[in-house]
């Protein structure tokens, strides 16, 4: 029986952290806007938008990955436009991993942030309007500060969700060691090859990081400003 290496290649972990960080930032920007829109505006198609935002949570990861391949693959208009601008394909790169992780993180952030924004004391918002403040200023100066802890908790959970993405990431980013192999994919490869040392080490590290994030999210949700 061939001996398995007892050294750890930490690239998949660092890549996962970078991908999760980028996906969380994108999710935060888009998610806060979507949450505010769904919490404060009535418009045709609102329920459809809400359902589409939640859909990635319900779809099997492979189905989501297939949709992404169709949407950003080399034969799609997005894929062709990206390749014409950059000279390289979008799929099977770390950027595709960021897109896949973002789609899994946004629903968590939108749902929690929307609930937080809807629970804000609207009397404070009305007071701002009575003083002539714009909706943009009210959001940044009143609504978001009042909802900051639940939003921060949702952001932490979105990061944790991005960190562990597997199915969709595997389909659109692939399993290329040193390029697109994230920690979740590296764990799968290690288990498949019987390398329990690498698998257990990465599992323990990911579990510790995720547990710390969940603990932080719980503290943020429970703590109230003085």
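Things worth noting here:
- Looking across segment 17-32, the residues that are in contact (Cβ under 8 Å) with a residue 60 or more places away in the chain and closer than 13 Å to residue 99 by Cα come down to 18, 19, 20, 21, 22, 23, 24, 26, 27, 30.
- Taken across segment 77-86, residues that are closer than 22 Å to residue 167 by Cα, free of Cβ contacts under 8 Å to residues at least 60 places away in the same chain and either assigned to a helix (DSSP H, G or I) or out of contact with any strand residue (DSSP E or B) (no Cβ under 9 Å at 6 or more places or on another chain) (or both) do occur, with at least one present.
- Per-region count, segment 33-76, residues part of a loop (DSSP other than H, G, I, E, B), surrounded by fewer than 15 Cβ atoms within 10 Å (Cβ to Cβ) and free of Cβ contacts under 8 Å to residues at least 24 places away in the same chain: 7
- Here residue 122 passes the criteria (1) modelled with pLDDT under 90; (2) on the phi > 0 side of the Ramachandran plot except the one numbered (2).
The values are calculated or read from the model by the stated rules, or taken from the named source; none is laboratory data. Since this is a predicted model, take the numbers as computed values, not measurements. Cβ atoms come from the backbone with ideal geometry, glycine included; neighbour counts cover every protein chain shown.
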